Every structure is written in C-alpha cells, then in structure tokens.
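The values are calculated or read from the model by the stated rules, or taken from the named source; none is laboratory data. Since we're looking at a predicted model, the values are computed, not measured. Cβ: placed from backbone, ideal geometry, glycine included. Neighbour counts: every protein chain shown. The accessibility values were calculated without ligands, DNA or RNA, using every heavy atom of the protein model including side chains. Shrake-Rupley method; radii C 1.70, N 1.55, O 1.52, S 1.80 Å.
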Amino acid sequence: MEKMIRTALAALLVAAPLAATAETGSSQAARSGHNGNGVLVAGGGSCGVTDLAAFAQFIAGRPTVSAFQAAYGCVNLVLPGDFSTRELRHDNSRYFAEVDSFGRIVGGYFE
C-alpha cells in the first residue's frame, strides 16, 4: 500500500510542473501582441482584428468556417442561425458572417 502511495505522489510531482509549463506556453502567445494575422491579442483573453484590409482580403477569398477559425481563432464567429448577444464591441472581436449555399463565408460585419 505504501509503495502505491509513493508512486502516486511521484507521478503528481512530475505531472504538476509539466501541466504548469503547458499552460504558461499558451498564455505566452496571448500576451505577445499580434498573432501574425492582424489580430490584436490582449492579455485578458479578448482579441480583435486590427488589419481590416488584410481581413477584407481574407473574406474575399470566401473561406470555409474551419479556415476562418484557423486564421482568426480568437475572433468570435457568429453564423446565420447562431444565438448571440448583441452588445456593441469596439475591438472587432465578434464577426457576424454571411455564408453562401456551400457554407463559405462571403461577407459580414463586426459588432
């Protein structure tokens, strides 16, 4: 019994620093400023599109929902039929998308 307790404690001592390091690595990206796609990432977890010309060019390419989420992962994408609050955000962090019959994003607006 004592051997099992020692093994469990040893596993916890090894796992805890690894878990803390993994969390620190993800939060480092959140504090870095821009993510390379013209998206401002703030330390508090919110973000917003700052390069509107690049964003408009991206939307003009009619991206899929998964391509949008890969490029602008921290921007809240609201699709037709989704429920969302309607408060006004001045940081371009929520995009209400218009989609075509194939499900590709063809336009929309920030709110």
### Message
Return the residues of segment 36-68 that are buried (at least 17 other Cβ atoms within 10 Å of the Cβ), at pLDDT 95 or above and either of a type in the set (K, R) or under 16 Å from the mean Cα position of the chain (by Cα) (or both); say none if nothing qualifies.
### Response
F55, F68
### Task
Could you list all residues from segment 69-111 that are over 15 Å from V49 (Cβ atoms), open to solvent by less than 60 Å² (accessible area, probe 1.4 Å) and outside any loop (DSSP other than H, G, I, E, B)?
V99
